[in-house]
Amino acid sequence: MILNKVYKKDAIKFLINGVDNNSVDLAIIDPPYNMGKADWDTFKSQRDFLEFTYKWLDALLPTLKQSGSLYIFNTPFNSAYVLQYLVNKGLIFQNWITWDKRDGFNSSTKKYTHGQETILFFTVSKNYTFNSDDIRVPYESTGRINAAHKKGILKNGKRWYPNPDGRLCGEVWHIVSERHRNKVLGKTQKLNHITPKPLEMIDRMIKASSNKGDLVLDCFVGSGTTAVSAQKLERNFICADNNAKYVALAKKRLNEVE
Ligand SMILES: C[S@@+](CC[C@H](N)C(=O)[O-])C[C@H]1O[C@@H](n2cnc3c(N)ncnc32)[C@H](O)[C@@H]1O
């Protein structure tokens with residue numbers, strides 16, 4: 001197993017033949033969603049899609065360490081199936097993270113407009129890394145917090161002072177999608193990859209759920225966001241995608257990391 005490389009490989013073959021069992025501290029997996037966004041995101045039926053999903057999950061689980069963590073992206077609907085599957089496999093459910101994309105898939109006048117994706121956070125056991133102080137976020141009620149910095153707030157008879165690094169991170173993440181962030185005068189631009197994830201979101205997962213020198217895995221790495229974040233944050237990585245164009249893009253981005 002050679003680390004810090006992006007392989008051009010099918011995810012399932014890569015997981016079975018290319019990654020040692022019990023070696024991965026953190027897996028960040030952003031797989032197909034079966035939304036027909038590209039050939040690789042199109043399945044004959046929901047049944048075929050779930051069969052594929054369960055296959056790569058089965059190949060992934062043995063690679064995780066006993067202290068390992070797992071984040072999986074998908075639509076809320078598909079995530080309900082994945083959650084059920086992993087609970088039955090004995091993994092420990094930690095959070096259903098809602099990514100508020102500040103964007104939206106499509107507008108609809110017949111139901112509420114979509115605007116979120118789900119990230120399931122699981123661990124293999126109760127003994128896992130979670131660096132909550134490394135991912136604190138700004139307090140929202142700035143007026144009240146500014147006053148509290150000076151005099152504190154009386155809570156249960158004790159004075160409470162805000163943490164200078166912000167509040168603990170919640171499970172609803174308000175992060176602008178790359179599609180929306182790159183719009184010019186409101187117009188969507190063609191990006192190098194059709195579904196890149198924001199780097200700050202992957203940074204948050206890696207900071208929270210791994211330490212320097214740990215091994216991070218992503219078997220659907222696309223434009224390379226997980227690899228780029230891992231390299232920047234001094235973690236090891238092992239990543240794959242079966243599309244040569246995306247592997248080249250990921251390598252280019254890695255060469256640009258300072
Ligand atoms: C949702 S995208 C990942 C995007 C990535 N998180 C990023 O930030 O760029 C899913 C990726 O899975 C790849 N893919 C689809 N089926 C695959 C398979 N069977 N094996 C390996 N990669 C696959 C696609 O080429 C695509 O780049």
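Overview of values
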quantity	calculated
Proximal lysines relative to K44, as straight alpha-carbon distance under 18 Å, when same-chain residues fewer than 8 apart are discounted	K55
For the chain, with +1 on Lys and Arg beta carbons and -1 on Asp and Glu, the positive-most of L185, V216, A244 along the dipole	L185
Fewest-first ranking of Y81, Y7, Y71, using other Cβ atoms within 10 Å as the exposure measure	Y81, Y7, Y71
Ranked list, fewest to most other Cβ atoms within 10 Å of each Cβ, for H180, H149, H193	H149, H180, H193
Net lengthening on full extension, K190/N211 (0.36 nm per residue, minus Cα-Cα)	4.1 nm
Per-residue Cβ neighbour rank within 10 angstrom, fewest leading, T129, T53, T113, T226	T113, T129, T53, T226
Percentage relative contact order, the chain, counting C-alpha pairs under 8 Å, at least six apart	25 percent
In segment 169-232, the GluC sites (Glu not before Pro) that fall in loop regions by DSSP, at most 14 other Cβ within 10 Å	E171
Size-normalised alpha-carbon gyration radius of the chain, reference 2.2 N^0.38 Å	1.07
Shape parameters for segment 117-258, alpha-carbon atoms, Rg then Dmax in Å	18.9, 62
21 Å Cα-Cα threshold exceeded, pairs from K111/K197; K101/K197; K37/K197; K212/K232; K8/K197; K65/K251	K111/K197; K65/K251
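Quick note: the coordinates plus some simple rules give every number you see, no bench work behind them. None of these values were measured; they are calculated from a predicted model. Methodologically, a virtual Cβ is constructed for each residue, glycine included, from the backbone with ideal geometry; neighbour enumeration extends over all protein chains shown.
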